[in-house]
Each structure stands twice: as C-alpha cells, then as structure tokens.
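Here the structure comes first, spelled out in structure tokens, and everything after it is commentary.
The values are calculated or read from the model by the stated rules, or taken from the named source; none is laboratory data. Because the structure is predicted, anything quoted here is derived from the model rather than measured. A quick note on method: Cβ atoms are made from the backbone with ideal geometry, for glycine too, and the neighbour counts reach across all protein chains shown. Only protein heavy atoms, including side chains, enter the accessible area calculation; ligands, DNA and RNA are left aside. Shrake-Rupley method; radii C 1.70, N 1.55, O 1.52, S 1.80 Å.
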Amino acid sequence: MSAFPEVNKIQYEGPDSKNPLAFRWYNEDEVIEGKTMKEHLRFSVVYWHTFRGNGLDPFGSPTMVRPWEDGTDSVENACNRARVAFEFMEKLGAPFYAFHDRDVAPEGESLAQSHANLDAVVAVLKEEQERTGIKLLWGTANLFSNPRFMHGASTSCNADAFAYAAAQVKKAMEVTHELGGESYVFWGGREGYQTLYNTDIKRELDHMGQFMHMAIDHSNKIGFTGQFLIEPKPKEPTKHQYDSDVAACINFLRNYDLTERFRLNIETNHATLAGHTMMHELDYAGAQGMLGSIDANTGDLMLGWDTDQFPTDIYLTAQVMLMLLKYGGLNQGGVNFDAKVRRESFEPIDLFYAHVGGMDAFARGLKIAAAIREEGELCQFVKDRYSSWDSGVGAEIESGNASFESLEAYMLEKGEITENVSGRQEMLENLINRYI
C-alpha cells in the first residue's frame, strides 16, 4: 500500500510551471559543462530528519503526521519505515540517501541486540536499493544521543565509552560497505568540551586521532574503499567542538597523518555558526584538496542555532555551485539534504514540497554558476587582479627565487610600489545580480 498515494513521480516541467510537485529547474538529463545535472548534483535524502523527525522542540510535543508509523520502536516498524522511505525517494527521483545507524534501526538492550536490529533493517534496505537503483551515499554512527556518550565518544574521559564507540563504528562501517556506500562520515557532536577545568585537550585529540586510524585499519581489513569524511561544526551540542570549522579539521587531519584517506563533508548551517560563509568553507577546503561532500541546508540568521532549513536562496546555491565547479565537483560526495521541514509543516506532502524546492534551488544555482564561468568576466577580473604575480618580481617570489635581501634591493631601486587598483566589490556584486 502506498504511503504517498496522491503523489506521482516528480517530473521536470520547466521554468513556467506553477506546479509545486514538479521541477522548474532540475532537469536531470540536461548537460552542463560536460555532465548531466544528475551527475553534478548527486542529490541525497537524509534518513534522520526526513523519516525520523517528529517536530518535537524544547517547548512543544511532536507535531508530524506520519500515517505509516505504528507508535512503536520495533524492528517491524523500522522495516516498514524503510519501505516508505524508498517510495518517497523513488517518487522524488533522488539517486542517493544517507543514514545514522540508530536512524534506521532501534537500539537494543545490548550491543549484540543493536547489531541484530541493524542487520534486520539493512536486509530491507538492500532489497529496496536493488528494486529502485537508489544508492547509499554514506553511512555513519550516532555517537551523541545515548547518555553513554555524554563526555564524548572517541574523546571521552571514560575508556569504555571509547571502546563502545569503536564497536558501533565498526558495525556501521560494515553495513555501509555491505550496502555499497560511497563514503563514511564522522560527525563529532560531542567530541569537544564544556570547560577546560576538567579537560585534557591533548589527550582527547590524541585519542580521536587514534580512533580514526583504527577506522582506517578496519576499512582496509574489510575492503571498504569509500571516502572517509569529517563534518565541521563549531558548537551545539558541545560548547567547543574539536571539528569547529574547515581549517580546524584540516589541521587535525594533518597533525595525525590522516589526509590520505579523509576529506570534509561541509554543511551550510555549520559554516555560518562558525562565523564563515559556505562559499568560504568550500573554497578553503577545495584549495587544500580536502573537499569531499556537502550537506545542503541553510540557517536563519535571526536565530543562533542549527535550524537545518531547506535551501531556497539562489545566491547561496549559485555560490556553492561556483565552488563545486571550480574544484571539479564532488566525486564520491553529493548534495545531501541535511534539512528538515518546519514544525508547522506537518503533513507528509510537505516533505515533497521541501525537497522539490531544494533540488530546484541547486539546479538553478548550477545553471547560474555555469553561465558565470562561461562568460568568464568574473574569472578574468580575478586573473587580472593578480597579474603582478605572473611576471617580474611576483613570478620570482612564487618560484622561490626571491629572498628578503633581493626584495629589499628591488624596492630600494624602485622606490615605491606599483599603484594599487580598486577591488570593485560593488561592481562584482552587481555582476552576479545580472545572472540571478
């Protein structure tokens, strides 16, 4: 029996369509810069917000109407939910999905029971993947909800919590491999500290580095060649998290010799919580060769927490796609909708409205970014702005043939620098407006 009987497969109808259950911009077969939209965007639906979110907030009870739920946390209900999820994703036309282990299967009274519960639901996920052709973008383990992780997982002061987390990640990685997952994500929701009065930062970071090497060792043992990803976030739930932004994550990965296997999964709302734009975080990661995947959402700048709203801002999606095209795309990553409908958008149909809008926003952003790149005016401006480095003293500096002594002699002879040229920020912002 269909969970969404009123919805047919979402179709592309073009920019003039007024149908909220049709794509206006996302035409998956349209070729842009040598790849189809489907290949560029690699859309992924998240299991946790979309199929486990219930609308609960600190001030009110759950609001979501989900007729397929039977009110239990049973394995049987989890298996039925998995079939509903694939009906949704199939009608939406999303090629990927992502999950935490505790999203898809209930936690048992013991670790062994939790493993068994996960195996039972994974069997259904595998059947549905084979039926629909939808793939697993990445899996991960929930190492933050259970009270055992109140002090962290790999960074806990309790060695048993570290051991339990290792066992849980081992299993989550194995089922990700079994399902053909293309990546595996680590989000350190409680990997950080509340106060330094009770914290040994170096010891905790050393433990986290050791944990990641154990993960690499096990992936090699089972033959999992997927990309490992770390997801930056500065705070919430922990006051200060060790994976606070792209720069902090890259520093950690380099310090613990993990850059060969790890890249970054970058989220818009996390970027803004860290005081950065998404464009900055993507450019910084791309410049360091560490861009892996993205979580597509946005926050509300009037609220100071992780609201995980669906992306609708065309300026934002165009900026994101400029960066993704600049660095050659996402390869094993994807555009993963780590976003949830608002508490007041409680009917099942709202899940379609939200995802269709988000996919259209990114498709339009892709087309805008490609047009900007094709015309080349923005790229040429940047190239011209740095032209002093292409010859003369600039080229000598970049090639490593300059020293303080040679540069002093150069300036003593020249007397003053070549006159600066305006950065023309307002003109360039107006240039972007032409395409929007």
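Subtracting the Cα-Cα distance of VAL65 and LEU111 from 0.36 nm times their residue separation leaves 13.4 nm of extension gain. Packing around the peptides 297-304, 149-156, 69-76, taken as the average count of other Cβ atoms within 10 Å per residue, puts them in this order, highest first: 149-156, 297-304, 69-76. Averaged over residues, the count of other Cβ atoms within 10 Å places the peptides 166-173, 136-143, 427-434 in the sequence 136-143, 166-173, 427-434, highest first.
Surface composition of the range 239-381: carbon plus sulfur atoms hold 49% of the accessible area, using a 1.4 angstrom probe and ignoring ligands, DNA and RNA. Cross-link partners of LYS326 among lysines, defined as those whose alpha carbon lies under 20 angstrom from its own and excluding same-chain residues fewer than eight positions apart: LYS35, LYS38, LYS367, LYS383. Shown is the FRET efficiency for THR36 and HIS240, computed with R0 = 45 Å from the Cβ-Cβ distance and rounded to the nearest 0.05: 0.60. Once the Cβ-Cβ distance of MET411 and TRP305 is raised to the sixth power relative to R0 = 60 Å, the FRET efficiency obtained is 0.75. The separation of the range 90-155 from the range 1-66, counted between C-alpha centres, amounts to 21 Å. Model label points for ASN220 and LYS135, set 7 angstrom from Cα along the Cα-to-Cβ axis, are 2.5 nm apart. Under the simplified labelling scheme, the LEU431-CYS157 pair shows an inter-label distance of 5.4 nm, with each label point 7 Å from Cα along Cα→Cβ. The relative contact order of the range 1-120, computed from alpha carbon pairs under 8 Å that lie at least 6 residues apart in sequence, is 26 percent.
Reachable lysines from LYS221, Cα under 24 Å, same-chain residues fewer than 8 places away excluded? Excluding near neighbours in sequence, the set is LYS126, LYS135, LYS170, LYS171.
So which residue, out of GLU375, GLU130, GLU398, gets the largest mean-square fluctuation from a GNM of the chain using Cα contacts under 10 Å as springs? Maximum among the listed residues: GLU398.
Per residue, the convex hull spanned by the alpha carbons of the range 163-314 comes to 123 Å³.
The residues of the range 150-193 present an accessible area of 35 Å² per residue when probed at 1.4 Å with all protein chains retained.
Using the Karplus curve 6.51 cos²θ - 1.76 cosθ + 1.60 with θ = phi - 60°, what ³J(HN,Hα) values do you get for each residue of the range 279-292, in whole Hz, with x for Gly and Pro? Going residue by residue, I get 4, 4, 4, 5, 5, 5, 5, x, 5, 8, x, 10, 7, x Hz, with x marking Gly and Pro. Across the options SER422, GLY376, GLY400, the greatest Cα extent toward the positive end of the charge dipole of the range 351-436 (unit charges at beta carbon of Lys, Arg, Asp, Glu) belongs to GLY376.
Where in the range 217-235 does the amide nitrogen come within less than 18 Å of the point 7 Å from the Cα of ASP57, taken along Cα to Cβ? None, by backbone N distance to the label point. Amide H to amide H, with H built 1.01 Å from N, PHE186 comes under 5 Å of LEU229, ILE230, GLU231, counting only residues 5 or more places away or on other chains.
Every helix of 4 or more DSSP H residues in the chain counts as -39500 (n - 2.57), and over all residues that averages to -14000 deg cm²/dmol at 222 nm.
Take every DSSP beta bridge whose two residues both sit in the chain, then give the antiparallel share in percent to the nearest 5.
Antiparallel bridges make up about 20 percent of those DSSP assigns within the chain.
Taking a straight line from the alpha carbon of LYS91, these aspartates and glutamates sit under 16 Å away, with near neighbours fewer than eight places off in the same chain left out: GLU6, GLU13, GLU28, GLU128, GLU130, ASP350, ASP360. For the range 133-257, averaging the sequence separation of C-alpha pairs within contact (under 8 Å, six or more residues apart) and dividing by the residue count gives a relative contact order of 28 percent.
In this structure the range 38-147 gives 40 Å² per residue of accessible area when probed at 1.4 Å with all protein chains present. Accessible surface for the range 228-351, divided over its residues, is 39 Å² per residue with a 1.4 Å probe. Normalised by the number of residues in the chain, the mean separation of alpha-carbon contacts (under 8 Å, six or more apart) gives a relative contact order of 16 percent.
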